[in-house]
Structures are given as C-alpha cells and as structure tokens.
Amino acid sequence: MDGGGPVPEDIVEQGSERGPRFTFPDWRPSRAARILAAGGLLVGLAVGYAVGKQQSGHAQAAPRSTAFPMRQLPTATPFYGPALTEESGTCSTQVGQNLELGIPVTNTSTETVLLHSVKPELHGFKLLKVLSWQWGPCGFNPDGLPSTAATLLLPGATTWLTVTVKPLVACPGPAPLEFIVTYSANQQNSSVPLSGFSDLTGVSYSGCKGQD
C-alpha cells in the first residue's frame with residue numbers, strides 16, 4: 001500500500017474515536033398505509049370520546065334516592081268494654097245513726113276517665129235510705145259536704161266511691177247495695193254497674209246484736 005496516497009473515507013470512519021455509525025435506507029410508507037393509519041386514528045379518537053363522555057355523564061348524574069316506607073307511629077290500642085272496675089276491699093264507717101259504705105274503683109282503660117255521678121241502687125226489701133254519695137273514702141268529709149264534683153281518673157288510677165245510708169232497721173244485714181257509675185272517656189258517655197255490697201252482715205253497726 002502506498003503510504004503517501006489518500007485513505008478511503010470508510011476506513012477513516014471506522015478508525016475514528018466516534019465509533020461505528022450506521023446508516024439506514026430512506027423508507028417512506030405507501031399512500032395506502034398512510035390512509036389506513038389515519039382512518040384507524042380517527043376511529044380510536046371517536047371511541048375514546050364516546051367512552052369518556054359516557055363516564056363523565058355517569059359521574060355527574062345526580063344520585064338516585066331510595067324510597068323507604070314511612071314509619072308508622074304506634075297508635076293507642078282501642079279499649080272495648082267498661083273502663084271502670086271495682087277492686088276488692090270495702091270501707092265502712094258509722095257516723096251517728098248513719099253508715100258510710102265505700103268501694104275502690106279503678107280505671108282499667110288507656111284513656112283518662114271523667115267521673116260524673118253515682119246512682120245507688122237498693123234491691124229487695126228497702127232496709128236502707130240513701131242520703132248522699134261522694135268521690136272519696138269513708139270518713140273523708142272535711143267541710144261537711146260530700147264531694148260530688150266531676151273527677152278525673154288517669155289510666156290505672158284508683159279512687160274511692162262512698163255512699164252514706166241510713167239503716168231503717170235495727171240491723172241492716174241482708175241489704176244489697178249496688179252502684180251505677182256514669183262517666184265519659186274519649187268524649188263518649190257511658191255507665192257501668194258495680195256490685196258494691198251484696199250483704200251488710202259483716203259491716204259493724206251499733207244496732208246489730210253482738211256489735212254494741
């Protein structure tokens with residue numbers, strides 16, 4: 001090789017410090033390929049827009065409210081039958097020649113009861129004479145007048161009903177005495193018979209033998 005002649009360009013490039021360099025042929029896609037690529041791009045953009053709009057509309061939609069049935073408030077259980085009952089136990093007090101005879105009365109309904117009046121009923125031989133009645137126990141007459149004013153009786157509450165009688169015989173033993181009570185509940189008037197005293201044999205009275 002002639003040392004004084006020019007060195008070919010490819011030999012100089014391979015021996016330079018920049019390292020190897022590669023060249024590629026000038027390639028361009030055909031017209032048909034370009035058309036297909038453009039069409040695919042447009043289709044992809046259209047699909048992406050539709051999906052994005054659908055998702056965006058779903059996110060902005062107002063939440064649907066769930067309908068729940070209205071809660072029914074508890075209502076009072078209707079009460080059928082008499083609101084008043086007579087409790088066990090009685091009271092009796094002798095005042096002079098008269099007797100005060102009382103029974104406890106309870107409101108068994110769920111409504112407040114307004115007690116109006118009492119009608120004593122005598123059965124059989126008229127051995128007693130009814131003088132008065134009052135809402136209160138035996139011996140309860142602080143002002144000397146019977147308490148006959150209308151009285152409120154709450155549900156479950158108990159009050160006393162007392163009748164003052166005058167015995168017409170020395171010993172009023174077999175003298176049945178019944179009470180008919182008139183009252184109103186829930187703006188309706190009613191009346192109920194209470195057995196009261198079926199026999200006064202056990203009632204202490206000075207006119208009876210063995211009780212003086």
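Across the stretch 113-143, the qualifying residues are those that are over 44 Å from the mean Cα position of the chain (by Cα) and outside any loop (DSSP other than H, G, I, E, B), and the one among them that is surrounded by the fewest Cβ atoms within 10 Å (Cβ to Cβ) is Lys129.
Filter the stretch 178-212 down to the residues that are assigned to a loop (DSSP other than H, G, I, E, B) and small (Gly, Ala, Ser), then identify the one that is modelled with the lowest pLDDT. For the stretch 178-212, the residue satisfying everything is Gly210. Is it the case that some residue within the stretch 158-177 is assigned to a loop (DSSP other than H, G, I, E, B) and at pLDDT 90 or above? Checking the stretch 158-177: at least one residue is assigned to a loop (DSSP other than H, G, I, E, B) and at pLDDT 90 or above. Scanning the stretch 181-200 for residues that are over 22 Å from Leu154 (Cα atoms) and surrounded by 13 or more Cβ atoms within 10 Å (Cβ to Cβ) yields Phe197, Leu200.
The values are calculated or read from the model by the stated rules, or taken from the named source; none is laboratory data. In this text the structure is predicted, and so the values were computed from the model without any measurement. Cβ sites come from the backbone with ideal geometry, for glycine too, and all protein chains shown count toward neighbours.
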